[in-house]
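What follows is one structure encoded as structure tokens, with my remarks underneath.
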Amino acid sequence: MGSRTEQLARALQRAGLEQVGTWYVERGMPPNCARRLLAWAAPAPAAVLSRTAADAFGEEWRRLAVAVGLADQDGVVLADGGQAFWAYVRLDSEADVYALLGDADGFQTMSTDGETLLAVTVAGEEIRLSVLDRLSERNEEAAREAVRETADEREAAWASLFEEGELSERLRHAWARGLARNRTVPARHRLLGLNTWSLYGALPPETLEAALTHPGWRVRGTLAEVHPHLTGEHWERLILGEESEKHRWILALLAADRRAEVTEETCRQLAADPSTRVRQETARLTCLPVPIRLALAADPDGTVRAAVCRTVWPHLDDARRQVLLADPVAGVRAAARRAHHQRHPVTNADLGAGDLPDDVLETCRLGREPAERLVRHGEPAQRAALAGNPHLEPDLVSELGRDAEAHVRYRVALRADLTEQERASIDFEFDLASRKHTLPWVAALHDDPDAMRRLAVSAHPLVRRSVARAPHLPPDVVGRLAVDEDRVVQLFLAESCADAPADMLLRVWKWWTGSLGFPGRPRSHPNFPRAGLLRYADDPDPRMRQLALDDPLSSAEVVERFSRDTDAGLRHRAATDPRLTPASAVRLLGDPERDVRSAVLRRRRLPASVLVPLLRDVETAAEAAENPALPLDVADRMIGLITGAGDADPADPRAAESS
């Protein structure tokens, strides 16, 4: 069958219509909204023909298209490309428009200004051609009528949701996705076997308990991966209750990655697990008691001994350290050498003997002679590794700061032991367009005001950026960073520091649209200005116009005005504003931008007569099932229908994990 887009492409090719430009065109209201509006307006057919009259159909269709001015001066119209988009096509007198029908029950085309619709519907052997003009105006009328819904009409609409027979598989999973995200539905934990979205965020006790004891591995595995507040008792139930070795290994890995605090008894059982992979991950647990670390250091499997070597080393006596240094497994010897040379310098003999870890030059102590030789005569990769070695002596660090290789100098410039004068003297290169991660050694000093003052004037932008990530900073440091020439420093200050000033936050808002790591910043920052923002209501920059909605003196009239703005971002903000009128919320379901329609569908309480058709449409059903207007008894009945069969959500990447 192929996708809806592929089907359309084949239909257009059969009809001899030329595609113009991109397939995906968000112009005017989306096709599914146009169909709903056509059903609401119910215009009398402009022409009715027999399906067998192919020649007459094409001629009549073109006559109507010309009569209503459907095509622009280049003969271009918008053809229905699916639920949410249109496709530009060019008409000509040779086109066989009848071929668009194929086995379909109709098609629709719209003028490029988004105001006129020419629709074809098939009922048995009869073909009806209908014209609907003034689409924007009619959409307004339909929205105003919809919100006048009576109690009887509402009840009838909800009853009709279940009158169309058995759910398709796609619709069932769409309902499951939406209901799983709908925080107003208490019974969404019943959907865990179909969809794990309800595990994200805060969990009510019944959902947490249902996930802990769920028979499906996908549910338990997702809980361990995403839930932020698992206790030691939860981890014990999850890990020790798994019969599958693979699943215990994955859960132990997640527990180690997430620094889970599990009980000593759980640690003891995991350390005795018959699976090597489980014991290897157990060795990484930060809560592992010393006696259990010592036991794992004598584990029969070398990968386990290597995994625990670093953390157990301070607790070993000399005899046991020598055993690990002479271990028959190379990986264990390398790990032991790495730990040994944190205190005992590497000699030339050690370098020539082998069994050293690959990162020895970067992490271990080196004797003076091998260090000098490598700094002056080593390969560029060796010198770059030494440039990050925290044990290297100052004069050798200084030599590397003058190295001929730019990447060596760059690594030296990021060392924690440099003075800022020394850092400034290094000729390093830094791409200001990159963002980079916070330097760990700077983050460790975030609570030291004097260190922050010293580093805030660093010549290295990455150091200053790392300072800006501090949760709190002294006022003088904030003042300096707020006007830093590197605007990413200002961005990081806006994202992370509670002391960021209002004027800087406003400047950052003008150019930064937000990130997944810090959603809402800088606008969600407590210090972001609120008073006086109405002055931006007529600003030519749509991002600045958005701010008028945050002014305490802003009104529903401003929201209504912005819901009709030419900028999609501003319409999206209006769609999420609680002051938006119900009629405008319904009207925005016909917005050309999917994000605007989605915001309305997920957040605004909508009339049942509007929601029900959206719940029966597979393209909008998931978002409609998130709507807060969904009655609990309706949601319960939907859950009852969709939990009656099947167990894997094809849209969930974990659905394939079954073993």
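In Å and whole numbers, how far do the C-alpha atoms of the stretch 201-306 stretch along each principal axis, longest first?
If we take the Cα atoms of the stretch 201-306, the spans are 43, 23, 19 Å.
Can you give the Rg/Rh ratio of the stretch 348-467, where Rg is from the C-alpha atoms and Rh is the Kirkwood radius?
Over the Cα atoms of the stretch 348-467, Rg/Rh equals 1.00.
Under a 5 Å amide H to amide H cut-off, with H placed in plane at 1.01 Å, what residues pair with Leu473 once short-range neighbours are removed?
Those qualifying (amide H under 5 Å, at least 5 residues apart or on another chain) are Asp499.
Just add up the charged neighbours of Glu362: K/R +1, D/E -1, any other residue whose Cβ is under 15 Å from the Cβ of Glu362.
Counting the neighbours of Glu362, the net charge comes to +3.
Over the chain, give the accessible area per residue in Å² for a 1.4 Å probe, as an integer.
Value for the chain: 47 Å² per residue.
For the stretch 317-404, go through all pairs of different Cα atoms, get the mean of 1/r, take its inverse, and jot down that Kirkwood value in Å.
Kirkwood radius, the stretch 317-404: 13.5 Å.
Could you give the alpha-carbon Rg of the stretch 403-537 over 2.2 N^0.38 Å, rounded to two decimals?
1.11
At a 1.4 Å probe radius, which order do Ile639, Ile250 fall into by accessible area, largest first?
Order by accessible area, largest first: Ile250, Ile639.
Calculate for the chain the 222 nm mean residue ellipticity that helices alone would give, adding -39,500 (n - 2.57) per DSSP H run of length 4 or more and normalising by residue count, nearest 500 deg cm²/dmol.
-13500 deg cm²/dmol
Using square roots of five times the C-alpha gyration tensor eigenvalues, list the equivalent-ellipsoid semi-axes of the stretch 502-560 in whole Å, biggest first.
Equivalent ellipsoid semi-axes, largest first: 20, 12, 11 Å.
How much of the pair distance distribution for the stretch 566-624 lies past 13 Å, counting alpha-carbon pairs only, in percent?
56
Take the chain, compute every pairwise Cα distance, and split them into 20 Å bins from 0; I just need the percent in each bin.
Computed distribution, short to long bins: 14, 33, 33, 17, 3.
What is the sum of charges, Lys and Arg at +1 and Asp and Glu at -1, for the other residues whose Cβ falls under 14 Å from the Cβ of Leu432?
Once all neighbours under 14 Å are counted, the net charge is 0.
In terms of modelled amide H atoms, which long-range or inter-chain residues lie less than 5 Å from the amide H of Ala46?
Leu129, Ser130, Val131
Take the chain, mark every one of the GluC sites (Glu not before Pro) that falls in a DSSP loop and has at most 10 other Cβ within 10 Å, then report the longest stretch left between them, sites excluded.
244-428
Just from the alpha-carbon atoms, what are the Rg and Dmax of the stretch 73-225 in angstroms?
Cα-based Rg and Dmax for the stretch 73-225 come out at 22.9, 66 Å.
Once neighbouring chains are kept in place and the probe is 1.4 Å, which whole percent of the accessible area of the stretch 324-437 is contributed by carbon and sulfur?
51
Cα centroids of the stretch 411-468 and the stretch 10-80: how far apart, whole angstrom?
62
Tell me, Kirkwood radius of the stretch 116-201 from alpha-carbon pair distances, in Å?
Evaluated on the stretch 116-201, it is 17.1 Å.
For the stretch 498-656, restrict the atom set to alpha-carbon positions and state the Rg and Dmax in Å.
Using the Cα atoms of the stretch 498-656, the pair Rg, Dmax is 18.9, 57 Å.
The values are calculated or read from the model by the stated rules, or taken from the named source; none is laboratory data. Treat the numbers as computed from the prediction; the structure is a model and nothing was measured. Quick reminder, even Gly has a Cβ in these numbers, built from the backbone with ideal geometry, and neighbours come from all protein chains shown. With ligands, DNA and RNA removed, areas are computed over all heavy atoms of the protein, side chains included. Shrake-Rupley method; radii C 1.70, N 1.55, O 1.52, S 1.80 Å.
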